[in-house]
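Remarks on the structure that follows.
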Amino acid sequence: MQIEVNMRSDSTARGLPRAVLLDMDGTLANSEDWWYQAETEIMADLGATWSKEYVAQIVGSSLEYATSKTVADFGLPISPQELGRRLVSRVCEIGEASKVPWRPGAYELLSLTVDLGIPTALVTSSYERFARIVVKDAPPGSLTTIVAGDHGLPGKPDPAPYLRAAELAGADPSSSLVIEDSFFGVRSGMAARARVVHVPYMVDVPPAPGLVKIDSLESVDEAALRRFMDGERPQGDPYADGAPNLRAT
C-alpha cells in the first residue's frame with residue numbers, strides 16, 4: 001500500500017503535470033455569466049449599455065485594468081475603484097445565492113487530479129472573497145491554493161499569478177499545466193513557461209506555438225494530461241509584440 005501511494009504522488013515520473021493551475025471564471029465555472037449580469041445591471045444604473053463584444057476586450061484581465069478601461073471608454077461618472085467595489089459586491093451577492101455552474105467536465109477533472117495526487121491551484125483575476133464561493137463546492141482535496149486578483153500581484157497577462165501558484169504548489173512552472181479560457185490568461189500562463197491548454201468560452205484565442213486548444217474539459221483524462229505535457233513548451237508570451245483582434249464566441 002505504501003508503494004502505491006508513493007507511485008501515485010510522483011506525478012512527474014509518470015509523465016503527468018507536477019501541478020495543474022486553473023483559471024476560474026469561464027474555465028472551471030460559468031461564473032462569467034454572474035459577472036456579466038452584475039456588469040449589465042451596474043452599467044444600466046450608470047446610464048450605459050453593456051455588451052459581450054465589449055467584454056471580449058477585457059475578459060480575464062485584472063479588475064483594476066478592466067474598471068479603468070471601462071470608466072475611460074464609457075465616460076462613467078465614478079472612479080475605477082468605486083466601479084470595482086460595486087461589481088465585486090454585486091457578483092458576490094449573485095454567487096452566494098446561486099449553485100456553482102461548473103463548466104462541462106470541470107468537476108470531474110478536479111476529482112481526477114485528486115485521485116492522481118496532482119495538486120491544483122485556482123488562479124483568478126477575481127477577488128478571493130468571490131473565489132471562495134466556487135472553491136467551497138469543489139471536490140474535497142482540490143484547489144487547496146488560491147491566487148486571486150487582490151493578492152497584490154501584477155494581473156494577467158503578467159506571468160506573476162501563475163509563477164506564484166506554481167511556487168505554492170511546490171512545482172516548477174515548466175512542469176505545470178495551466179488551463180485557461182481567456183486571452184489574458186493564456187498569455188500569463190505562456191509567459192510563465194508552463195504548458196497551456198485553452199478551452200474557449202467567451203473569446204477565441206488565436207493559435208500560437210506551444211498552445212493546446214480543446215473544445216471542452218470533458219475530453220481531459222489521464223492520457224490527455226500526459227499528452228499535454230509531451231507537447232511543445234512555450235518560450236514566453238507569443239502575443240507580446242501585439243494583441244490580435246479577439247473574436248467573441
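Each value in this text was obtained by applying a stated rule to the coordinates, not by laboratory testing. Just so it is clear, the model here is predicted, and its values are computed rather than measured. Backbone-built Cβ (ideal geometry, glycine too); neighbour counts: all protein chains shown.
Structural remarks
- Rounded to 5, the percent of DSSP beta bridges in the chain classed as antiparallel: 15
- With q set to 0.08, 0.09 Å⁻¹, the log10 of I(q)/I(0) for the chain, from the Debye formula over equal scatterers at the Cα positions, is -0.29, -0.37.
- Scoring 128-138, 27-37, 110-120 by mean Cβ neighbours within 10 Å over their residues and listing the highest first yields 27-37, 110-120, 128-138.
- Rounded to the nearest 500, the 222 nm mean residue ellipticity of the chain from helices alone is -12500 deg cm²/dmol, with -39,500 (n - 2.57) taken per DSSP H run of at least 4 residues.
- The stretch 45-73 versus the stretch 81-104: alpha-carbon centroid distance in Å: 15
- The alpha carbons of the stretch 1-144 occupy a box of 63, 27, 23 Å along the principal axes, longest dimension given first.
- Taking other residues whose beta carbon is less than 9 angstrom from the beta carbon of residue 178, and scoring Lys, Arg as +1 and Asp, Glu as -1, yields -1.
- Global form of the stretch 32-96, assessed from the alpha-carbon gyration tensor, a/c cut-off 1.5: rounded
- Partners for residue 99 among lysines (Cα-Cα distance below 21 Å; same-chain residues under 8 apart left out): 136
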